[in-house]
Amino acid sequence: MIRHGLATAVLLIMSVSSVFTAEQSTGIIKGSVTIGGRSTGDAVVSIEGLPRQTIKASAANQAKAVIDQKELKFIPRVIAVVIGKTVDFPNNDKTFHNVFSNSEAKKFDLGLYPSGQSRNVNFDKPGVVKILCNVHPNMEAYVVVKEHPFFSVADARGNYTIKGAPVGKYRIEVWHPEYGVKSVPVELVRGDEVLTINVELKEK
Ligand SMILES: [Cu+2]
């Protein structure tokens, strides 16, 4: 009986401390991405190597994701989403488009559709999905699908911010469609910490 009571007490303390951790121990990781000293957008910066339970407990941001088709381009060219997210592909050009992908993480074909119409795709597997158009071979975009919301896409100046980064040791991974992947080991020691990690990608 005593033993059982003790175990319950220990469990209680553990669950209280994990609630405390979830609420308090997050910080911000931010910085810039450069290639040969020049800042670059289109880079997805994410936290990788997190414990399974941190990924499971993370709340996905359910804001709508859109890749527009305008002036024969996909805009933006690179987005990152949490697994399960639906992305809209509105056609805001005068011409027809046919959005499709042959990527392992999501094979799909939206067919031809005219100006003013929109179709969508649900991204249900992690990975990089390269988006193309059957009509216009120069059109290209990327949807990077992640299992958790700890990521940020660098803006045109190369700046990124990952809010709500968990305390712990893991790595920051930068993915760029032309310049590959680079990992940097980091440690966020305490909640409320703002860690600056600048990443230089190798020039080709
Ligand atoms: Cu097109």
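The values are calculated or read from the model by the stated rules, or taken from the named source; none is laboratory data. Please read these numbers as outputs of a predicted model, since none were measured by experiment. Every residue, glycine as well, gets a Cβ built from its backbone with ideal geometry; the counts of neighbours run over all protein chains shown. Note: accessible area is taken over every heavy atom of the protein model, side chains too, but ligands, DNA and RNA are not part of it. Shrake-Rupley method; radii C 1.70, N 1.55, O 1.52, S 1.80 Å.
Take the conditions more than 25 Å from ILE162 (Cβ to Cβ) and away from the ligand (no atom under 13 Å from the Cβ) and apply them to GLU104. Does it pass? Yes: the conditions hold for GLU104. Being of a type outside the set (Asp, Glu) and open to solvent by 30 Å² or more (accessible area, probe 1.4 Å) is the filter here; which residues of the stretch 150-163 pass it? Answer for the stretch 150-163, where residues must be of a type outside the set (Asp, Glu) and open to solvent by 30 Å² or more (accessible area, probe 1.4 Å): PHE151, VAL153, ALA156, ARG157, ASN159, THR161, LYS163.
Filtered by the rule that a residue be part of a strand (DSSP E or B), open to solvent by 50 Å² or more (accessible area, probe 1.4 Å) and of a type in the set (A, V, I, L, M, F, W, C), the stretch 178-194 gives VAL181, VAL194. Of the set (1) of a type outside the set (Lys, Arg); (2) within 14 Å of the ligand (Cβ to nearest atom); (3) within 28 Å of GLU48 (Cα to Cα), all apply to PHE123 but (2). If the condition is being open to solvent by 30 Å² or more (accessible area, probe 1.4 Å) and within 16 Å of the ligand (Cβ to nearest atom), then the stretch 137-149 contributes PRO137, ASN138, GLU140. Checked against (1) without any contact (Cβ under 8 Å) to a residue 12 or more places away in the chain; (2) not aliphatic (A, V, I, L, M); (3) not in a loop (DSSP other than H, G, I, E, B), TRP175 passes all but a single condition, namely (1). Can you find a residue in the stretch 106-116 that is of a type in the set (A, V, I, L, M), surrounded by fewer than 17 Cβ atoms within 10 Å (Cβ to Cβ) and modelled with pLDDT of 95 or more? Yes, that holds for at least one residue. For the stretch 90-97, the count of residues that are away from the ligand (no atom under 13 Å from the Cβ) and surrounded by 12 or more Cβ atoms within 10 Å (Cβ to Cβ) is zero.
Please find, within the stretch 39-86, the residue that is farthest from the chain's Cα centre (by Cα) out of those that are crowded, with 20+ Cβ neighbours inside 10 Å and within 16 Å of the ligand (Cβ to nearest atom). Only one residue fits best here, namely GLN69.
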